[in-house]
Amino acid sequence: MKLPYTLSAIVALSASLISCGSDEEEAKTGSSGGYEAEQVAEALYTVLKADRTVYAKKVVSRLVNTEGVITAHEEWKENKALLLPAQFFREGAEIVDDVEDKPFDFSYSLQSQWPLNYTNAEKQTPAVKEGLKAVSDPNNPAYGKKWVGEEDIAGKRYFVGIYPDKAVAPACWECHNDHANRKPDYPEFKKGDVMGGIVIRIPLAQK
């Protein structure tokens, strides 16, 4: 699962975008001349998690809940409001998807077992569903930890890493708990709960 890219290059790429399982042992083993898929995913996740936390706590919660100078709204353009944290995350992911000169075709997304946009659940692959359940189910030994695996999409093999997305600020859980699309069987989230997962895909060398 070797990738011929340096870790520093991946972190640099991630930092430039701030504004906006099987064979597990092999996946963890580094080798000279490059880094393994899981190591690259870990680097990406570290940056994504930091950005998401900063936006939720130091932008949305501070300006909306503490200082009350602006609101955050799902229809943020029409209401001249801040993007909700999940929307901010998705906007960044879409920018990454459109970058033509990425060093390789990686992608990331924020997904959940309890989506407010129901079509998101329809697009989840079997691997993603398995990983989300593993990191989000309090009765699962992997709750709150990462899940890694592989999957084939359109004839290509991908590493899939799913990392827990925890409620770090009121802006995170209040939106979900009060949303009109929330189903009756969805959990009532509170601080520290795993609300979903950050899904990172990295292409693997074809065998």
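The values are calculated or read from the model by the stated rules, or taken from the named source; none is laboratory data. This structure is a prediction, so every number in the text was calculated from the model and none was measured. Cβ: placed from backbone, ideal geometry, glycine included. Neighbour counts: every protein chain shown.
Go through (1) touching a Lys or Arg at 6+ places or on another chain (Cβ under 6 Å); (2) crowded, with 19+ Cβ neighbours inside 10 Å and name the single condition Ser107 misses.
Ser107 satisfies all of (1) touching a Lys or Arg at 6+ places or on another chain (Cβ under 6 Å); (2) crowded, with 19+ Cβ neighbours inside 10 Å except (2).
Which numbered condition in (1) surrounded by fewer than 14 Cβ atoms within 10 Å (Cβ to Cβ); (2) among the basic types (Lys, Arg); (3) more than 28 Å from Lys57 (Cβ to Cβ); (4) more than 17 Å from the chain's Cα centre (by Cα) is the only one that Lys190 fails?
Result: Lys190 passes all but (3).
Taking Ala121 and the conditions (1) of a type in the set (A, V, I, L, M, F, W, C); (2) more than 16 Å from Gly196 (Cβ to Cβ); (3) modelled with pLDDT under 85; (4) over 14 Å from the mean Cα position of the chain (by Cα), which numbered condition does it fall short on, given that it satisfies the others?
That leaves (2) as the condition not met.
One line per residue, one yes/no per condition, for (1) in contact with a helix residue (DSSP H, G or I) (Cβ under 7 Å, 6 or more places away or on another chain); (2) aliphatic (A, V, I, L, M); (3) assigned to a helix (DSSP H, G or I):
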| position | (1), (2), (3) |
| --- | --- |
| Val64 | yes, yes, yes |
| Gly68 | no, no, no |
| Glu75 | no, no, no |
| Glu94 | no, no, yes |
| Asp101 | no, no, no |
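Tell me which residues, restricted to segment 138-168, are outside any strand (DSSP E or B) and surrounded by fewer than 18 Cβ atoms within 10 Å (Cβ to Cβ).
Pro138, Asn139, Asn140, Pro141, Ala142, Tyr143, Gly144, Lys145, Ala154, Gly155
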